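Trainee: Can you keep this structure in mind? I'll have questions shortly.
The values are calculated or read from the model by the stated rules, or taken from the named source; none is laboratory data. Nothing here was measured: the structure is a model prediction, and the numbers come from that model. Heads up, the Cβs are rebuilt from the backbone with ideal geometry, glycines too, and the neighbour counts pull from every protein chain shown.
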Amino acid sequence: MDEAEAAKVKAEISEGVEEEFEDAVENEGGAGDFEVTAEEMSIIRAELACEFPEDYNYLSNSYVRSVASKPYSKDPSVRRPLEYTMEKLTHVMEWREESGAPDLMEYIHLANGSEYAPEAVEQPQRLSRAKAVATSLNNGSFYWHGLSKDGHPILWLRCDRKPWYPDVDADLKALMILADAGIASMPKRVTEFICISDSSSPPPPNPSFMIGLLKTLVRGYPDRLHMLCSAPVGSIIQFVFKLLKPIMPGRLASKIFLMNSDDITAKLEGILLNGKADIPTHFGGPANHDKYYPQESLCPNRGKGSLKFDYFGMVERLEQAKKDFEASK
């Protein structure tokens with residue numbers, strides 16, 4: 001990708017996104033935030049409910065308050081106006097509406113049910129895409145499991161399970177479904193997640209998927225990523241980062257850590273809620289993730305359809321981890 005191509009892609013990714021919004025929830029309610037009153041929160045939530053009645057609860061109060069409480073970019077001595085906050089939040093919600101994100105769970109239900117069910121028979125094209133999304137999930141290359149010491153849900157990536165020739169649209173839809181599940185299961189006052197990638201044996205990079213993923217993260221999930229740790233780092237991962245870095249927002253790039261096998265163990269021990277006990281076997285620890293997310297060939301169908309990935313069990317475990325974390329605090 002030359003400089004002109006990189007500039008074009010970066011413009012597409014950044015459309016409707018401004019640099020100051022990328023820093024909107026940097027401190028997760030930390031020092032330097034301004035007060036947002038209960039009345040102001042009610043105004044924001046009422047406007048979201050009016051504009052996006054089917055999806056307005058997607059943005060948590062913690063996320064909305066964090067966005068609204070930040071200094072105004074044109075005058076950091078004051079808080080950003082409510083109108084400005086609404087504009088930023090509206091961009092996210094419009095992206096969700098345009099991408100069909102609020103309705104993607106229908107794919108899970110279609111893929112988990114019988115293809116002879118009325119809702120499947122009446123929507124053959126949607127059933128076909130639901131099967132493709134199930135195929136993307138079934139390999140278990142992405143899943144949520146556990147929390148960090150600060151309550152961030154952990155999204156695990158197993159690169160050796162990724163297909164060489166992905167269905168890009170289905171992969172992105174599957175990731176959006178997973179992203180929304182993780183966000184819905186965040187403990188109180190937590191607005192970001194952590195991604196940990198086992199980058200051994202990655203497939204060849206697919207530029208359209210990587211660019212689509214970056215666009216989705218920046219426009220649909222601004223400031224949701226707290227940290228991404230990738231290990232071990234070989235030539236393919238270095239190439240991927242080199243390709244994406246020029247088109248990434250600067251702050252997003254600063255959240256990515258490429259590590260060797262020796263360093264990742266100490267990093268995980270410091271991140272994961274229960275330290276060493278939570279390090280998975282594929283990183284040399286005792287936690288057997290394959291008990292819940294085995295290779296596809298070892299998975300039974302979860303319902304009457306093509307879904308083998310334990311989506312509902314994953315959500316239940318993440319919800320229980322959230323409850324336990326909140327109870328401990």
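Trainee: Please go through the stretch 243-269 and give me each residue that is in contact (Cβ under 8 Å) with a residue 60 or more places away in the chain and under 17 Å from LEU155 (Cα atoms), ordered by number.
Mentor: Result: LEU252, LEU268.
Trainee: Using the structure shown, decide if ALA170 is modelled with pLDDT of 95 or more and either surrounded by fewer than 21 Cβ atoms within 10 Å (Cβ to Cβ) or under 19 Å from the mean Cα position of the chain (by Cα) (or both).
Mentor: Yes, satisfied.
Trainee: Now for a separate question. If the requirement is being assigned by TED's automatic domain parsing to the domain that holds ARG251, of a type in the set (A, V, I, L, M, F, W, C) and under 16 Å from GLY146 (Cα atoms), which of these qualifies: ALA174, ALA184?
Mentor: Answer to the check: ALA184.
Trainee: Of everything in the stretch 148-188, what is assigned to a loop (DSSP other than H, G, I, E, B), basic (Lys, Arg) and closer than 24 Å to ASN206 by Cβ? Give them in sequence order.
Mentor: LYS162
Trainee: ALA327 versus (1) within 22 Å of the chain's Cα centre (by Cα); (2) among the aliphatic types (A, V, I, L, M); (3) part of a helix (DSSP H, G or I): which is the lone unmet condition?
Mentor: (1)
Trainee: What tally of residues in the stretch 53-95 results from selecting those that are surrounded by fewer than 19 Cβ atoms within 10 Å (Cβ to Cβ), closer than 21 Å to GLY182 by Cβ and out of contact with any helix residue (DSSP H, G or I) (no Cβ under 8 Å at 6 or more places or on another chain)?
Mentor: 2
Trainee: Identify the residue in the stretch 277-294 that is part of a loop (DSSP other than H, G, I, E, B) and crowded, with 20+ Cβ neighbours inside 10 Å and, among all such residues, is farthest from the chain's Cα centre (by Cα).
Mentor: ILE279
Trainee: Take ARG129 and tell me if it is farther than 30 Å from GLU326 by Cα, touching a helix residue (DSSP H, G or I) at 6+ places or on another chain (Cβ under 9 Å) and in contact (Cβ under 8 Å) with a residue 40 or more places away in the chain.
Mentor: Here the answer is yes, as ARG129 does meet what is asked.
Trainee: Sort out for me the helices (runs of 4 or more DSSP H) sitting completely within the stretch 90-147 that have 3 or more residues that are within 21 Å of the chain's Cα centre (by Cα), farther than 30 Å from ALA49 by Cα and in the same structural domain as CYS159 (by TED's automatic domain parsing).
Mentor: Filter on the stretch 90-147 gives 124-138.
Trainee: Criterion first (surrounded by 13 or more Cβ atoms within 10 Å (Cβ to Cβ), over 19 Å from the mean Cα position of the chain (by Cα), closer than 19 Å to SER141 by Cα and among the hydroxyl-bearing types (Ser, Thr, Tyr)) does SER297 satisfy it?
Mentor: no
Trainee: Restricting the search to the stretch 300-329, which residues are touching a residue at least 40 places away in the same chain (Cβ under 8 Å), closer than 25 Å to LYS162 by Cα and surrounded by 18 or more Cβ atoms within 10 Å (Cβ to Cβ)?
Mentor: If the condition is that a residue be touching a residue at least 40 places away in the same chain (Cβ under 8 Å), closer than 25 Å to LYS162 by Cα and surrounded by 18 or more Cβ atoms within 10 Å (Cβ to Cβ), then ARG302, GLY305, SER306, LEU307, LYS308, PHE309, TYR311, MET314, LEU318 are the ones that fit.
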